[in-house]
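Structure record follows, encoded as structure tokens.
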Amino acid sequence: MNTEAAEELRGWFAGRLPGGWFEGAPEVVLDREEVSVIGRLPVPQAATGVSDAERAGLIAGHVQRFREETRERRVAIAREAEHRFGHKVSWGVECGGEREMFTQLSVPVMTRLRQPERRVLDTLVDAGVARSRSDALAWCVRLVGKNTDEWLSELRTALQHVERARAAGPRA
């Protein structure tokens, strides 16, 4: 999607969404398949001066209430946008520094990996970090900016220690 089309999409959502849903304009993120609309909800006033656990509970309840109360209108707006722009629409909110996506597409991506890349995925599966190579690849993509080879080396070393402990332990 070109810049002009992306701007039209952002403008359409800014004009189409009911006033009062969000603080300011929503963040509109798009790729080839999906448009994500993420609005900022105000932190409930009752969340000031309370414990972290109570604050987290208040925010979670506030987000859930918004989700339920706006569901029908969000679905209708999404259908309009999907018809007009040809992209599926996902919804989410930010509140109190936390982001929660209500819906998101899970799109398959085909890739060919050589043995060193497959070993990275297998290490994550063997360590129980991911259930499958597919989950491991998604995990890697999400965390590539935060984790580097150093972390994977530490994980492999820990796995070697676990394997050694298993081998030295009693046999069934």
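What to note about this one:
- Note on the range 14-30: residues that are in contact (Cβ under 8 Å) with a residue 12 or more places away in the chain, open to solvent by 40 Å² or more (accessible area, probe 1.4 Å), part of a strand (DSSP E or B) and of a type in the set (A, V, I, L, M) amount to 1.
- Meets criteria (more than 16 Å from E23 (Cβ to Cβ), of a type in the set (S, T, Y) and touching a strand residue (DSSP E or B) at 6+ places or on another chain (Cβ under 7 Å)) for S51: no
- Taking first residues from the range 31-46 that are free of Cβ contacts under 8 Å to residues at least 40 places away in the same chain and partners that are not aromatic (F, W, Y), the Cβ contacts under 6 Å between residues at least 6 apart in sequence or on separate chains come to P44/L58; P44/H62; A46/L58.
- Residue match in the range 6-13 (condition: modelled with pLDDT of 90 or more, aliphatic (A, V, I, L, M) and open to solvent by less than 60 Å² (accessible area, probe 1.4 Å)): yes
- Every pair of residues 6+ apart whose Cβ atoms lie under 6 Å, when the first sits in the range 54-70 and is open to solvent by less than 40 Å² (accessible area, probe 1.4 Å) while the second is charged (D, E, K, R): V63/E100
The values are calculated or read from the model by the stated rules, or taken from the named source; none is laboratory data. The structure presented is a predicted model; accordingly, all values stated were derived computationally and were not measured. Glycine also receives a Cβ, built like all others from the backbone with ideal geometry; neighbour counts cover every protein chain displayed. Note: areas computed on protein heavy atoms with side chains; ligands, DNA, RNA excluded. Shrake-Rupley method; radii C 1.70, N 1.55, O 1.52, S 1.80 Å.
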